[in-house]
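Enquirer: To start, I am sharing the structure in question, which I have written as structure tokens.
The values are calculated or read from the model by the stated rules, or taken from the named source; none is laboratory data. The shown structure was predicted, so the numbers you read here are calculated from the model rather than taken from an experiment. Methodologically, a virtual Cβ is constructed for each residue, glycine included, from the backbone with ideal geometry; neighbour enumeration extends over all protein chains shown. Just the protein is used for accessible areas: all its heavy atoms, side chains included, with ligands, DNA and RNA removed. Shrake-Rupley method; radii C 1.70, N 1.55, O 1.52, S 1.80 Å.
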Amino acid sequence: MAEMKEETLKVNGMMCNGCENTVVNAVKDVEGVIEAKASHQDGTVSVKYDAAATDMLFIKMAINNTHYNVVE
Ligand SMILES: [Cu+2]
């Protein structure tokens, strides 16, 4: 059973649309992620995901593996 959740993370270091794309692509590569949106102006990444298929931990790890960092 899918268990849809949505969460917005604070992410440091995004300066432009290219940065947004890098983060969004990294997040979308995580199995169980349905949708991802990033805003470099706000420094946020919104993620829709299936909590039965993934965990926020994996999503945060995917972001932290880019040049950008999740603010905890
Ligand atoms: Cu950039």
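Enquirer: Quick one: what pairs do we get from region 1-30, first residue acidic (Asp, Glu), second in a loop (DSSP other than H, G, I, E, B), C-beta under 7 Å, 6+ apart or different chains?
Expert: Glu3/Ala51; Glu3/Ala52; Glu20/Met14; Glu20/His40
Enquirer: Among the residues of region 50-71, which ones are closer than 23 Å to Glu3 by Cβ, open to solvent by 30 Å² or more (accessible area, probe 1.4 Å) and free of Cβ contacts under 8 Å to residues at least 40 places away in the same chain?
Expert: Asp55, Leu57, Phe58, Met61
Enquirer: I'd like the full set of residues that are over 16 Å from Asp42 (Cβ atoms) and either within 16 Å of the ligand (Cβ to nearest atom) or basic (Lys, Arg) (or both), limited to region 1-10. Steps first, please.
Expert: Start the filter on region 1-10 by keeping residues that are over 16 Å from Asp42 (Cβ atoms), which leaves 1-5.
Of everything in region 1-10, just one residue is over 16 Å from Asp42 (Cβ atoms) and either within 16 Å of the ligand (Cβ to nearest atom) or basic (Lys, Arg) (or both), namely Lys5.
Enquirer: Looking only at region 24-49, filter to residues that are in contact with an Asp or Glu (Cβ under 6 Å, 6 or more places away or on another chain) and surrounded by fewer than 19 Cβ atoms within 10 Å (Cβ to Cβ); which one of those is farthest from Met1 (Cα to Cα)? Before the answer, list the steps.
Expert: Going residue by residue through region 24-49, those that are in contact with an Asp or Glu (Cβ under 6 Å, 6 or more places away or on another chain) are 32, 38, 40, 47-48.
Now drop any that are not surrounded by fewer than 19 Cβ atoms within 10 Å (Cβ to Cβ), which leaves 32, 40, 48.
Numbers: Gly32: 12, His40: 33, Lys48: 16 Å.
The residue in question is His40.
Enquirer: Where residues in region 11-23 are within 12 Å of the ligand (Cβ to nearest atom) and surrounded by fewer than 20 Cβ atoms within 10 Å (Cβ to Cβ), which of them is nearest to Glu72 (Cα to Cα)?
Expert: Across region 11-23, the extreme among qualifying residues is Gly13.
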